[in-house]
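I have placed the structure first, in the form of C-alpha cells, so that the comments after it can refer back to it.
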Amino acid sequence: MLALYRKLLRLYPAEHRRLFGPEMLAVLDEQRNEISGQKTRARARLFARETAGLVGGALREHFRIQVEVENCLFLAGGRFAMRNGFRFPTSTIVFMTLILGGVLTAIKKGEDIATSVPHEIGPIAAVHIQSVHSILLGAMPLFFAFFYAAGLIGWAILFALHRSGVHRLDNISVAQK
Amino acid sequence: MTEPVLLILLSLAGQPQHGYAILKDVERMSNGRVVLSTGTLYGALRRLLEDGWIERFEEQETPRGRQAYRLTPQGRRNLQLEIERMKHITRLASLRGARQES
C-alpha cells in the first residue's frame with residue numbers, strides 16, 4: 001500500500017514533493033499502521049479515500065501552478081516571477097485551432113445560406129457577401145499566424161529568462177543580496 | 001472559508017500540531033463528519049502557509065525532528081473574525097427562527 005502511495009506522490013509537482021513528500025508519506029504510514037488490525041472494509045475505505053485524495057491533490061497542485069504561471073505571463077502584480085513549473089500551454093493552441101475551425105465553418109454555412117436564397121438578397125448583396133467572405137478567409141489565417149508567432153516569441157523570451165536563472169533570485173535571502 | 005479549513009485552523013488554535021494529529025483532530029471535532037485525506041490536508045496546509053495564516057517549524061521533542069504547524073498572529077486574527085461572523089449568523093438564525101415559530 002505504501003509503495004503505491006509513494007508512486008502516487010510522484011504525480012505531485014516537484015516543489016510540492018520536496019516540501020511535503022516525506023511528511024505526507026509519514027502521515028500515510030501512520031494511518032496505515034493505525035488501521036492494520038481493523039476489518040477489510042475499513043482498510044479498503046481508507047485506501048480509496050487516500051488514493052482519491054492524492055490524485056485529486058496532485059491535479060489541484062498542477063492546476064494551481066498553471067494558474068500562477070498564467071498570472072505571471074500577464075504581469076499581474078507588475079513584477080515578473082518565473083516559476084520552475086513553467087510549461088508552454090499547448091492547450092491554448094488546440095483551443096485556438098478549434099475556434100478558428102468553428103469560425104471558418106460558420107462563414108462557410110453563411111455563404112451557403114446566402115447563395116441558396118439569391119432572389120431575396122439580390123445579386124449585388126451576394127457579391128458583397130462573397131467579397132467580405134474572401135477577405136475574412138484570407139485574413140483569418142494571417143491573424144492566426146501573427147498571434148501564433150507572437151506567442152512563440154513570447155515563449156522564447158520566457159525560456160531564455162528561465163535559462164538565465166532569473167527565477168532563482170527569489171530563493172536568495174536578503175542577507176545574501 | 002470552507003469547513004475543512006476552519007476545522008484545521010481550530011485544531012491549531014489550541015496548540016501546534018503535526019499533520020497526522022490535525023487529521024485526527026478534525027475528524028474528532030466534526031464527530032466523524034469531516035474526514036480529510038492526506039492529499040486534501042496538505043493542499044490546504046500549503047495554501048494556509050502561502051497566505052501566512054500558519055507557519056511550519058521542526059518539533060524539538062521528537063527524535064525524527066517532525067514538522068509541526070502553528071497559527072500566526074494573522075491566522076489567529078482571521079480565525080477570530082470568522083468565529084465572530086459565524087456567531088452573528090447563528091444569532092440571526094435563532095432570532096428569525098424564533099420569530100417564525102411564534
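Calculate I(q)/I(0) for chain B by the Debye formula, one identical point scatterer on each C-alpha and no solvent, and give its log10 at q = 0.13, 0.14 Å⁻¹ to two decimals.
So the normalised log intensities are -0.52, -0.59.
Please report how far the C-alpha centroid of segment A:140-166 lies from that of segment B:67-102, rounded to the nearest whole angstrom.
Answer, in whole Å: 49.
HN-Hα J couplings of segment B:74-81 from phi, Karplus 6.51/-1.76/1.60, θ = phi - 60°, integer Hz, Gly and Pro as x?
Each residue's phi maps through the Karplus curve to give 5, x, 5, 5, 5, 5, 4, 4 Hz.
Name the residues whose placed amide hydrogens come within less than 5 Å of the amide hydrogen of B:Glu59, ignoring near sequence neighbours (fewer than 5 apart) on the same chain.
B:Arg66, B:Gln67, B:Ala68
Can you work out the Karplus-derived ³J(HN,Hα) for every residue in segment B:82-92? Use 6.51 cos²θ - 1.76 cosθ + 1.60 with θ = phi - 60°, whole Hz, and x for glycine or proline.
5, 5, 4, 4, 5, 4, 4, 5, 4, 4, 4
Grab the beta carbon distance between A:Phe146 and A:Ser116, set R0 = 30 Å, and tell me the FRET efficiency rounded to 0.05. Don't skip to the end; give the middle numbers.
On the way: r = 34 Å, r/R0 = 1.12.
Once rounded, the FRET efficiency stands at 0.35.
Skipping prolines and chain starts, which residues have an amide H placed within reach, meaning under 5 Å, of the one on B:Ile54, given they are 5 or more residues away or on another chain?
Amide H neighbours of B:Ile54: B:Leu49, B:Thr72.
Provide the net charge surrounding B:Gly14, with neighbours chosen by a C-beta distance below 15 Å and charges set as Lys +1, Arg +1, Asp -1, Glu -1. Don't skip to the end; give the middle numbers.
Working: positive: B:Lys24, B:Arg28, B:Arg70, B:Arg76; negative: B:Asp25.
So the surrounding residues net to +3.
Report the one residue of A:Leu19, A:Gly56, A:Gln66 whose Cα lies farthest in the direction of the positive end of the charge dipole of segment A:2-73 (charges on C-beta: Lys and Arg +1, Asp and Glu -1; origin at the Cα centre).
A:Gly56
Quick check: net charge around B:Ile83, other residues with Cβ under 15 Å of its Cβ, Lys/Arg +1 and Asp/Glu -1? Intermediate results must be reported in sequence, preceding the final value.
Numbers: positive: B:Arg76, B:Arg77, B:Arg85, B:Lys87, B:Arg91; negative: B:Glu3, B:Glu82, B:Glu84.
That works out to +2.
Dipole of chain B, Cα-centred, from +1 at each Lys and Arg C-beta and -1 at each Asp and Glu C-beta, to the nearest 20 debye? Could the numbers behind the result be given before it?
Details: 16 positive and 12 negative charges, 57 e Å.
Charge dipole of chain B: 280 debye, to the nearest 20.
Every number in this text was worked out from the coordinates using simple rules, so none of it is lab data. Note that the structure is predicted; figures quoted are calculated from it, not measured. No Cβ is skipped: glycine too gets one built from the backbone with ideal geometry, and neighbour counts run over all protein chains shown.
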